[in-house]
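Here is the structure we will look at, set down as structure tokens.
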């Protein structure tokens, strides 16, 4: 079925039947949005197992720019071209 056929079918129904369809669509939208929110919450919970599983410098959150500059230096030293912006590194061969 395509959208045009569905619209024609709905238009051919009496007003009370059309109202039932409108109410059904509202119920389905609410259910879908609730499931979508639960899904996004679950995806966040799934990542919680990874918190603290990687070791890094204790001051990384404060000195990330220094560590990033060191990384850029090392890449340049290995003859890789690196284009930098404020937030992204684009590595090109």
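The values are calculated or read from the model by the stated rules, or taken from the named source; none is laboratory data. Only a predicted model underlies this, so the values are computations on that prediction, with no experimental measurement involved. Methodologically, a virtual Cβ is constructed for each residue, glycine included, from the backbone with ideal geometry; neighbour enumeration extends over all protein chains shown.
Details
- Tally of residues being over 25 Å from the mean Cα position of the chain (by Cα) and either modelled with pLDDT of 70 or more or assigned to a loop (DSSP other than H, G, I, E, B) (or both) across the stretch 69-93: 13
- In the stretch 1-21, the residues that are touching a helix residue (DSSP H, G or I) at 6+ places or on another chain (Cβ under 9 Å), surrounded by 10 or more Cβ atoms within 10 Å (Cβ to Cβ) and assigned to a helix (DSSP H, G or I): 10, 17, 18, 21
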